[in-house]
Amino acid sequence: MAIDVCVSGGEISEEEINYYVERAKERFADKCLTAIDLDVDGDYINASYHFSAEPFQRIRRITGYLVGTLDRFNNAKRCEEHDRVKHEMM
């Protein structure tokens, strides 16, 4: 996957850009890096990283258990979940 790189405030070499990209890939190996903003400030470079959104799974506490889905509940637990009082958020 291509990573967008935006350089502002000055110029840096392609070799240095590649260094920042590889360093970010190593540093954030568990995330999906989509873009890097490199802001040249004299002898310093400020790097900002952008990542793609991670999928989110909803987890609820139902009848004393933390669950994502009800597919592993037996019929009794499904009935218990169906009959529970659901409170509205204000």
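The values are calculated or read from the model by the stated rules, or taken from the named source; none is laboratory data. Nothing here was measured: the structure is a model prediction, and the numbers come from that model. Glycine gets a Cβ as well: all are built from the backbone with ideal geometry, and neighbour counts include every protein chain shown.
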Need the failing condition index for Thr34 against (1) surrounded by fewer than 14 Cβ atoms within 10 Å (Cβ to Cβ); (2) of a type in the set (S, T, N, Q); (3) under 18 Å from the mean Cα position of the chain (by Cα), just the number.
(1)
Kindly indicate whether any position in segment 56-63 is over 30 Å from Arg84 (Cβ atoms), surrounded by 10 or more Cβ atoms within 10 Å (Cβ to Cβ) and either under 23 Å from the mean Cα position of the chain (by Cα) or of a type in the set (S, T, N, Q) (or both).
no
Evaluate the following for Cys79: is it at pLDDT below 90, of a type in the set (A, V, I, L, M, F, W, C), surrounded by 11 or more Cβ atoms within 10 Å (Cβ to Cβ) and out of contact with any His (no Cβ under 6 Å at 6 or more places or on another chain)?
yes
